[in-house]
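Everything on this sheet refers to the single structure shown next.
The values are calculated or read from the model by the stated rules, or taken from the named source; none is laboratory data. Please read these numbers as outputs of a predicted model, since none were measured by experiment. Here Cβ is always computed from backbone atoms with ideal geometry, including for glycine, and neighbour counts include all displayed protein chains.
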Amino acid sequence: MQVGLNIPVMVPGLDRATILEWARRIDRGPFSSLCAGERINFPNPEILVTLSAAAAVTERVRIFPTVIVVPLHAPVLLAKRIATLDVLSAGRVVLGVGVGARRDDYIAADAVFDHRKLSRLEASVALMRRVWHGAHVVEGGDGPAEPFPVQPGGPEILMGALSAPSIRRAARWADGLNGFSFGPSADEVRFAWDTAREAWQQAGRAKPPRLTTGFWYALGPKARAQLDVYLQRYLNFMGSDVARTIAPTVRTTSADSLREALRMLADLGTDEVVLVPTTADPDEVHRVADIIG
């Protein structure tokens, strides 16, 4: 099982030096991917600009936007941005997509938040792949919306699906899943992976799904307090009472519990796990590297 690491884009206090230091250290470490997720109406840096900077100062790790909330974006423009990121990274992009659950992000992006989000995501992904294959999307225009990705046909696309119906829909078009488990929970991940394997087989897919997931963690003597502060801030959109209820279910607050979670996910057949730190301190990269070897 491979292990990726998020740049802590949802933690306060990031600046140019901190972001680039995290990127360089992740690239030098034992990590498979450098990752970041998307929010709009939140005090965090924009995901694709941040990952473009990271791509420019790294050479080895995959560049993995774990969740691009596709319905927030014009699909041709998004395809062009992802292709540019693939060029800047020399073909290292893996693309995670989803529909998100935050109405305020949709309002901020002037996008429609309704029950058709998933259908719009699927249509957008299909159009993005056409763009990456060189289709002329504007009749009478100057040509295709280049640049083309370094990876022919575009990067691998992983769907952020958790429920059985969403996983089964993803089997029709995605290359795999990119989940998230608060605990992390063995039962939750096992259900998702079993559902995905069965759905991919039933859909007649020749290649099995790539199975990735992630979870939050904290280390050190103040790990529990650090994690609780992070969760209260990040999950506040659900209401402070809900955030306080969820926080105790996130249990990875020590080196031993981190190792245990990684062993559990490996035993379930996970292809890659993405660790999401709750501190902006770049020394966290070395602390995690020492734990995972």
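Table for the structure above
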read-out: Any chance residue 223 is within 20 Å of residue 274 (Cα to Cα), over 18 Å from the mean Cα position of the chain (by Cα) and without any contact (Cβ under 8 Å) to a residue 60 or more places away in the chain; value: yes
read-out: Search result, residues across the stretch 161-191 that are assigned to a helix (DSSP H, G or I) and crowded, with 22+ Cβ neighbours inside 10 Å; value: 167, 170, 189
read-out: Answer residue from the stretch 192-211, given it is in contact (Cβ under 8 Å) with a residue 24 or more places away in the chain and of a type in the set (A, V, I, L, M, F, W, C) and is nearest to residue 96 (Cα to Cα) among those; value: 211
read-out: Enumeration of residues in the stretch 154-192 that are more than 19 Å from residue 127 (Cα to Cα) and aromatic (Phe, Trp, Tyr); value: 180, 182, 191
read-out: Helices (runs of 4 or more DSSP H) wholly inside the stretch 15-122 that include at least 1 residues being of a type in the set (Val, Ile, Thr) and under 30 Å from residue 290 (Cβ atoms); value: 16-28, 47-56
read-out: Residue match in the stretch 64-78 (condition: within 27 Å of residue 179 (Cβ to Cβ) and in contact with a Pro (Cβ under 9 Å, 6 or more places away or on another chain)); value: no
read-out: Residue 273 being out of contact with any strand residue (DSSP E or B) (no Cβ under 6 Å at 6 or more places or on another chain), surrounded by 14 or more Cβ atoms within 10 Å (Cβ to Cβ), within 24 Å of residue 28 (Cα to Cα) and not small (Gly, Ala, Ser); value: no
read-out: Complete set of residues in the stretch 221-248 that are farther than 19 Å from residue 12 by Cα and either modelled with pLDDT of 90 or more or touching a Lys or Arg at 6+ places or on another chain (Cβ under 7 Å) (or both); value: 221
read-out: Number of the condition not met by residue 288 [criteria: (1) in a helix (DSSP H, G or I); (2) more than 20 Å from the chain's Cα centre (by Cα)]; value: (2)
read-out: Matching residues, the stretch 255-282, being touching a residue at least 12 places away in the same chain (Cβ under 8 Å) and assigned to a loop (DSSP other than H, G, I, E, B); value: 268, 269, 270, 271, 277, 278, 279, 280, 282
read-out: Conditions (1) over 23 Å from residue 262 (Cβ atoms); (2) surrounded by fewer than 15 Cβ atoms within 10 Å (Cβ to Cβ); number of the one not met by residue 222; value: (1)
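Residues are listed down the side, and each one gets a yes or a no for (1) aliphatic (A, V, I, L, M); (2) modelled with pLDDT of 95 or more; (3) over 13 Å from the mean Cα position of the chain (by Cα); (4) under 26 Å from residue 102 (Cβ atoms):
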site: 18; (1), (2), (3), (4): no, yes, yes, yes
site: 28; (1), (2), (3), (4): no, yes, yes, no
site: 32; (1), (2), (3), (4): no, yes, yes, no
site: 37; (1), (2), (3), (4): no, yes, no, yes
site: 53; (1), (2), (3), (4): yes, yes, yes, yes
site: 57; (1), (2), (3), (4): yes, yes, yes, no
site: 63; (1), (2), (3), (4): yes, yes, no, yes
site: 67; (1), (2), (3), (4): yes, yes, no, yes
